[in-house]
C-alpha cells in the first residue's frame, strides 16, 4: 500500500468530499517544516482549556457562544511567550461535549472565533483575533479529534511587533476534546518574515 496521506479525504457533508492532494507540500505547511512558496511559520502554540479561568475577551465583541478560556505557550523564532485566550463558536458540538451531552447528529462543522493575548518573552503584548471553521471527527477512527483552519489578525502598540498589525496570518489547529488540549500552528506571508528580519538586523 502507498502512503495513506497522499490523498486526504475529508467528508464535510453527507454527499460531499474534499480531496487534498500533494501530501508533501501540505504537510510542510501544516508541520512548519521550512518555508513554502507563500507562507512561513510564525509560531507553534500548545494550549489548554482551564475550567476556572476568567474570560479573556468579552462576548460583546465576539461572534458565537462562549466555549471556554485557557492558556498556553507560544514558541517561534519571531514570536514567543505565554498566551491567554477565549474561544467562541457557532453551532458547535464541543459545547455539548463540555456539558457531558452527546452532540446532535450532523453537528460536526462549526464556526470558531478565538481571541486573546500573547505576553511575549521580551515584555510586549500582542493581541490576536482569529475566525474560521472547525470540523469534528474528520478522521472517523478518532471522532473526538478536531481540525480547525482560521485566518488571524494581530494588534499591538509595541514598536518591535508593529509589523504584525498589517499581517494577516493563517492558523491550522488540531484539538483533542477529551484532553481539552489544542496545538496551533501559525503562518504568515513570506514577505512579512523577510521584512521583519531586515528590521531586526537594522536595530542591532
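With a Förster radius of 30 Å applied to the beta-carbon distance between residue 168 and residue 109, the computed FRET efficiency rounds to 0.85.
Per-residue Cβ neighbour counts within 10 Å put 133, 161 in the sequence 133, 161, beginning with the fewest.
In terms of surrounding Cβ atoms within a 10 Å radius of their Cβ, 87, 53 rank from fewest to most as 53, 87. Ordered by the number of other Cβ atoms lying within 10 Å of each residue's own Cβ, fewest first, 118, 61 fall into the sequence 61, 118.
Only the coordinates and a few stated rules stand behind these numbers; no lab work does. Keep in mind it's a predicted model, so treat the numbers as computed, not measured. So basically every Cβ, Gly included, is an ideal-geometry build from the backbone, and we count neighbours across all protein chains shown.
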